[in-house]
Amino acid sequence: MPSKRTSIQQFEKVSLREQVTRALRAAIISGELEPGAVYSAPSLGARFNVSATPVREAMLDLVRENLVTTVRNKGFRVTAIDEGDLDEITELRMLIEPPLMARVTPIIPAGDMPMLREMAEAIVAGAREGDLVAYTEADRAFHLRLLDYAGNQRICSLISGLRGRTRLYGLAALYESGELEASAREHHTILDAVERNEPAAVQELMVNHIAQVRGRWAGPAKAQNVT
């Protein structure tokens, strides 16, 4: 795993609790916080350069998302996800995201493209720097922003929850091999097809993208230590 750590200050200016929640969620999805491991709020606060209080508040939010469970007098245990769970999550995403992206492609305003390009570039920057937490959160923000054009908040909430349950344990290996940045640039390729107003191409790119994300998963060794 890359040694670089993410500072909470890298995230956009929302409440500190929300910033910490996003960072911890991304750390769980990327595998920086290991499944089965128990983490104390003070240790996580030191790791992310914040006090223990917003970490505890954020972890309670993540308990409600089933990403962690409370361990009395110790902290929070990261929930493990098995291959069957990930297959079901991928199937749901395949049913929803590619056709929805094809539908919204013609209605994405040209004036929004610079903003979307900036969001896509944030994913590339996280990949280039080996900052898997920043990469994961930027990727989440980008895809949810695209889906938001459908104007269906239930779908956005559903996909956000499904993405939260996904695990991308293979990201570190992709970074080490030099492949992660190239993979991150796929988001610009998706935007290229959007700019050309090619819904079928956008749908196919999304199918391939989600399939590749599922293929990155690999089960790490179970951790039992309190960190």
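The values are calculated or read from the model by the stated rules, or taken from the named source; none is laboratory data. Bear in mind that the values here come from a model prediction, so they are computed numbers and not experimental data. No Cβ is skipped: glycine too gets one built from the backbone with ideal geometry, and neighbour counts run over all protein chains shown. For the accessible areas, the whole protein counts, side chains as well, though only heavy atoms, and no ligand, DNA or RNA atoms are used. Shrake-Rupley method; radii C 1.70, N 1.55, O 1.52, S 1.80 Å.
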Fill in the blank from the handout: The one condition SER177 fails out of (1) on the phi > 0 side of the Ramachandran plot; (2) free of Cβ contacts under 8 Å to residues at least 40 places away in the same chain is (1)
Practice task
Would you mind stating whether PRO106 is open to solvent by 60 Å² or more (accessible area, probe 1.4 Å) and touching a residue at least 24 places away in the same chain (Cβ under 8 Å)?
Solution key: yes
Exercise for the section: Please go through the range 92-150 and pick out each residue that is within 14 Å of HIS188 (Cβ to Cβ), modelled with pLDDT under 95 and of a type in the set (Asp, Glu). Expected result: ASP139
Fill in the blank from the handout: Selection from the range 125-152 of residues charged (D, E, K, R), in a helix (DSSP H, G or I) and open to solvent by less than 30 Å² (accessible area, probe 1.4 Å) yields GLU137, ASP139
Practice task
Looking only at the range 148-171, decide whether some residue is among the aromatic types (Phe, Trp, Tyr) and either over 18 Å from ALA127 (Cα atoms) or touching a strand residue (DSSP E or B) at 6+ places or on another chain (Cβ under 7 Å) (or both).
Solution key: yes
Fill in the blank from the handout: The residue that is most open to solvent (accessible area, probe 1.4 Å), considering only those in the range 109-119 that are among the aliphatic types (A, V, I, L, M) and more than 19 Å from ARG163 (Cα to Cα), is ALA110
Fill in the blank from the handout: Checked against (1) touching a strand residue (DSSP E or B) at 6+ places or on another chain (Cβ under 6 Å); (2) modelled with pLDDT under 90, THR6 satisfies every condition except (1)
Problem - Out of ALA201, ALA211, sole residue that is of a type in the set (Gly, Ala, Ser), over 21 Å from ALA122 (Cα atoms) and free of Cβ contacts under 8 Å to residues at least 60 places away in the same chain - result: ALA201
Exercise for the section: Restrict the check to the range 61-82 and report whether at least one residue is surrounded by 18 or more Cβ atoms within 10 Å (Cβ to Cβ), at positive phi and at pLDDT 85 or above. Expected result: yes
Fill in the blank from the handout: Listed by first then second residue, the pairs whose first member lies in the range 27-46 and is under 11 Å from LEU168 (Cα atoms) and touching a residue at least 12 places away in the same chain (Cβ under 8 Å), whose partner is among the aromatic types (Phe, Trp, Tyr) and part of a helix (DSSP H, G or I), with beta carbons under 8 Å and at least 6 positions apart or on separate chains, are SER30/TYR135
Practice task
Identify, by number, the condition in (1) at negative phi; (2) among the small types (Gly, Ala, Ser); (3) exposed (fewer than 15 other Cβ atoms within 10 Å of the Cβ) that ALA122 doesn't meet.
Solution key: (3)
Handout entry: Among the candidates LEU162, LEU174, LEU168, residue that is open to solvent by less than 60 Å² (accessible area, probe 1.4 Å), part of a loop (DSSP other than H, G, I, E, B), at pLDDT below 95 and not small (Gly, Ala, Ser)
Key = LEU168
